[in-house]
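The values are calculated or read from the model by the stated rules, or taken from the named source; none is laboratory data. Treat the numbers as computed from the prediction; the structure is a model and nothing was measured. Note that each Cβ is placed from the backbone with ideal geometry, even for glycine, and that neighbours are counted across all protein chains shown. Just so you know, the surface numbers come from the protein's heavy atoms only, side chains and all, with ligands and any DNA or RNA stripped out. Shrake-Rupley method; radii C 1.70, N 1.55, O 1.52, S 1.80 Å.
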Amino acid sequence: MSVVTVQLGQCGNQVGQQLLHSLLCDAQDGQRKELCTASRERFFHQDTHGELVARAVLIDMEPKVINQSISRAARSGMWRYGETSHFSQKQGSGNNWANGFCVHGPAHREVVEELVRREVERCDRLSGLLAMMSVAGGTGSGVGTYVTQCLRDVYPKSFILNHLTWPYGTGEVIVQNYNSVLTLAHLYQLSDAILVHENDTVHQICSQLLNIKHISFADVNSVIAHQLGSVLQPALTADSQGAYSRNPLGELVSALCCHPEFKLLSVSSIPQVPLASMAYSSFSWPSLLKHLRQMLISNTKMEEGIDWQVRPPAAAERSRSLTAGSFNTSLANVLILRGKDVYSAETAGFEDPALYSSWLSPQEAFSVWKSPVPFNKYEKSATLVSNSQALLRPLDSMVGGAWNMFASRAYIHQYTKFGISEEDFLDSFSSLEQVISSYKELR
């Protein structure tokens, strides 16, 4: 089944291009024919000349980044974007969510819907729509939210997964907390699942694990693309009967988002080492899974600096405390294993009932996908997609920062002049406070 990628704004277009390139390079890397065929069918189609064309739509209010993404894909000689699958204007949204959502989005609704419709109609079977965007600026967040709303109207029964890049905590844009709150509150009503990458976390991975001295956005995007690709590249699930061609977005949503109040997904991957060190590195499944499990329960995003003191609370202790200290309670997890001897990997540690909310049995809360084909040159790799309390702290911080600004009415006029009222802000705060409360009470 095929996925149509909708790349929105500067961040969405850069990460989207890197993701598609990574997926295709991995699928062509001398690997098994079944996986290669399934991966291509999922993310690309062939034109009349046999060239691979991405099942993607590129949207931005400025042409520069779209042109760069199109050029990079064409220069690879492996794939390209469709000649008419992109839309841009001459003027951006000025880092203003209201400008993107209330002005640019409605003004260009018909042309964007038509671009997506063309890509959808090229699919024999549509798995769903992957919308990629940042939450900090104006186009990715504002136009991205409006486009997601349109997609939900036009494709009410299709799966929609939003991939969000959260800004650096130190600040990229002065009003990034406003934009983030408005984006997340609206998407919670529209999307089936919201998969989040935090720039601060990815930056740490680049610095501490990959030993990159001068970190660029391209480096950050490459790590995000690697982690996201390890989730989306075809794998074998428990009921796939040996066939790769399954519904990736539907399986992810059904496995992880069993309640509309819980839609926030985080991703952790292991190992992550510099390319130059890969030939000298050796990994075993017991070691990888031991580290990944501890990363989950201690809410550590990389294998360096894991807190090994954190332990799952006993049942009696859990009943006394809603958050059980620094322990990260999960609602559901999907573990994706790829590489050599994958069927010998023992995953019982992730089936421990102490890791999960009491709502679901571990058999319902935990899923494992496997592929004997290595991913992105790693002989063995494991990726965990988790619906847990992992994003509570950054979400709480983001809402708190936005509320402090709102309480002093800072920059509110920049939003009201485009049609967003103070009541819209209050509704968004209320919506996210409910989400925060629900995740805090997860036990």
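Restrict the check to the range 153-165 and report whether at least one residue is open to solvent by less than 10 Å² (accessible area, probe 1.4 Å), touching a Phe, Trp or Tyr at 6+ places or on another chain (Cβ under 9 Å) and within 25 Å of LEU24 (Cβ to Cβ). Looking for residues that are open to solvent by less than 10 Å² (accessible area, probe 1.4 Å), touching a Phe, Trp or Tyr at 6+ places or on another chain (Cβ under 9 Å) and within 25 Å of LEU24 (Cβ to Cβ), one finds none in the range 153-165, hence no.
So which residues in the range 1-16 are among the small types (Gly, Ala, Ser) and either modelled with pLDDT of 95 or more or under 20 Å from LEU249 (Cα atoms) (or both), if there are any at all? Of everything in the range 1-16, those that are among the small types (Gly, Ala, Ser) and either modelled with pLDDT of 95 or more or under 20 Å from LEU249 (Cα atoms) (or both) turn out to be SER2, GLY12, GLY16.
Conditions tested, residue by residue: (1) within 21 Å of VAL399 (Cα to Cα); (2) open to solvent by 10 Å² or more (accessible area, probe 1.4 Å).
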site	(1), (2)
ASN179	yes, no
THR183	yes, no
ASP200	yes, yes
HIS214	no, yes
PHE217	no, yes
PRO234	no, no
ALA243	no, yes
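Is it fair to say LEU265 is in contact (Cβ under 8 Å) with a residue 12 or more places away in the chain, under 20 Å from SER141 (Cβ atoms), part of a helix (DSSP H, G or I) and in contact with a helix residue (DSSP H, G or I) (Cβ under 9 Å, 6 or more places away or on another chain)? So that I can check it myself, show each step before the final result.
Details: in contact (Cβ under 8 Å) with a residue 12 or more places away in the chain: yes; under 20 Å from SER141 (Cβ atoms): yes; part of a helix (DSSP H, G or I): no; in contact with a helix residue (DSSP H, G or I) (Cβ under 9 Å, 6 or more places away or on another chain): yes.
No, not satisfied.
Scanning the range 318-326 finds no residues that are at pLDDT 90 or above, in contact with a helix residue (DSSP H, G or I) (Cβ under 9 Å, 6 or more places away or on another chain) and either of a type outside the set (Asp, Glu) or not in a helix (DSSP H, G or I) (or both).
State the number of residues belonging to the range 39-67 that are more than 22 Å from the chain's Cα centre (by Cα) and either at negative phi or among the β-branched types (Val, Ile, Thr) (or both). Even if it seems obvious, please write down each step before you answer.
Step one: filter the range 39-67 for residues more than 22 Å from the chain's Cα centre (by Cα), giving 45-53, 61-64, 67.
With either at negative phi or among the β-branched types (Val, Ile, Thr) (or both) added as a condition, the list becomes 45-49, 51-53, 61-64, 67.
Residues flagged as more than 22 Å from the chain's Cα centre (by Cα) and either at negative phi or among the β-branched types (Val, Ile, Thr) (or both) within the range 39-67 amount to 13.
Sort out for me the strands (runs of 3 or more DSSP E) sitting completely within the range 29-84 that have 1 or more residues that are modelled with pLDDT of 90 or more and among the small types (Gly, Ala, Ser). Qualifying strands (runs of 3 or more DSSP E): 52-54, 56-60. Can you name the residue in the range 52-74 that is surrounded by 16 or more Cβ atoms within 10 Å (Cβ to Cβ) and of a type in the set (Gly, Ala, Ser) and, of all such residues, is nearest to GLN10 (Cα to Cα)? This residue is SER69.
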